Amino acid sequence: MCDHRLWDFVVEDLSAVADVSFGDLFRDPTIGEMADRVLAQAPETFAIAGFSMGGYIARDVALRAPDRVSHLALLNTSARRTSDKDLIRNRRMIELASARPFTGMAPASLKQALHPDRGDDQALLDHIQAMARGLGKDVFLRQMGLVREDGLARLNEITCPTLVVTGDADRLRTMTEAEELAEGIFGASLAVVPDCGHMTPLEQPARLVELMTEWLADA
């Protein structure tokens, strides 16, 4: 449940090396439809970065339009399908959320997204919660209903310069998932950001800017 505010701490510095824009990921019920909307709104040639669920979309964009995507960055994400356990959990969350007003994410979920030492950082927690509340119930229900397909077998079709980023203490996506992406995409580089949970753009923005600036310079 993140919008453009996810990038608040990096956008100014990244704008010094690239024209930055944000995809509309909030109106469509499937990864494929989101990817098509991004392509319809994007320039003829562009670099794309996707965070968490957005990584699935960015990867799909790169596969749908390899002639248009110059660079791909996959942050705190995976190529695995939605597990049966997650499908059951998501259906339950849809049932609960449908029956009551949406007030944002559960406090425990917010803390789980951050490095354990950052779980009491109220400013960061408020920043993440503000995104969730701003997007609202309809977007929450759509995102909970998304089914992520297994993309591991198609990773070798991606040929553009690719950066894979994970936090050393990401509790929502495993190190193994990041390694699968980096090993599956020819020439991809893997960066493990220290002192970082799932929310790399908010937790370690300076390091992420360094990584993405180097990635964009890779011809």
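The values are calculated or read from the model by the stated rules, or taken from the named source; none is laboratory data. What you see is a predicted model; the values in this text were computed from it and never measured. Cβ placement follows ideal geometry from the backbone for every residue including glycine, while neighbour counts extend to all protein chains displayed.
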| message | List pairs: first residue in region 152-172 and in contact (Cβ under 8 Å) with a residue 12 or more places away in the chain and over 13 Å from Val69 (Cα atoms), second residue surrounded by fewer than 18 Cβ atoms within 10 Å (Cβ to Cβ) and β-branched (Val, Ile, Thr) anywhere in the structure, Cβ distance under 6 angstrom, at least six positions apart or on different chains. | response | Thr166/Val192; Asp168/Val192
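Looking at Leu6, Leu39, Leu110, Leu74, which one is closer than 21 Å to Leu172 by Cβ, among the aliphatic types (A, V, I, L, M) and without any contact (Cβ under 8 Å) to a residue 40 or more places away in the chain? Break it down into steps so the answer makes sense when it comes.
Working: Leu6 fails: without any contact (Cβ under 8 Å) to a residue 40 or more places away in the chain; Leu39 fails: closer than 21 Å to Leu172 by Cβ; Leu74 fails: without any contact (Cβ under 8 Å) to a residue 40 or more places away in the chain.
One residue alone meets the criteria, Leu110.
Rundown of residues vs (1) assigned to a strand (DSSP E or B); (2) more than 27 Å from Leu124 (Cβ to Cβ); (3) modelled with pLDDT of 90 or more, yes/no style:
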| position | (1), (2), (3) |
| --- | --- |
| Ser70 | yes, yes, yes |
| Thr77 | no, no, yes |
| Arg81 | no, yes, yes |
| Ile88 | no, yes, yes |
| Met93 | no, no, no |
| Ala97 | no, no, no |
| Phe102 | no, no, yes |
| Ala108 | no, no, yes |
| Filtering region 165-219 down to residues that are of a type in the set (Gly, Ala, Ser) and assigned to a loop (DSSP other than H, G, I, E, B), which residue is nearest to Val10 (Cα to Cα)? | Gly197
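Being assigned by TED's automatic domain parsing to the domain that holds Gly197, surrounded by 16 or more Cβ atoms within 10 Å (Cβ to Cβ) and in contact with a Cys (Cβ under 7 Å, 6 or more places away or on another chain) is the requirement here; does Val69 meet it? Let's see the steps before the verdict.
Working: assigned by TED's automatic domain parsing to the domain that holds Gly197: yes; surrounded by 16 or more Cβ atoms within 10 Å (Cβ to Cβ): yes; in contact with a Cys (Cβ under 7 Å, 6 or more places away or on another chain): yes.
Answer is yes for this residue.
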| task | For region 52-71, state whether one or more residues are at positive phi, touching a residue at least 24 places away in the same chain (Cβ under 8 Å) and not hydrophobic (A, V, I, L, M, F, W, C). | result | yes
| request: State whether one or more residues within region 8-31 are polar (S, T, N, Q), in contact with a Lys or Arg (Cβ under 6 Å, 6 or more places away or on another chain) and surrounded by 13 or more Cβ atoms within 10 Å (Cβ to Cβ). | output: no
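Within region 47-96, count every residue that is among the aromatic types (Phe, Trp, Tyr) and closer than 17 Å to Gly184 by Cβ.
Our first condition is that a residue be among the aromatic types (Phe, Trp, Tyr); within region 47-96, this holds for 51, 56.
Okay, now just the ones that are also closer than 17 Å to Gly184 by Cβ, so 56.
Number of matching residues: 1.
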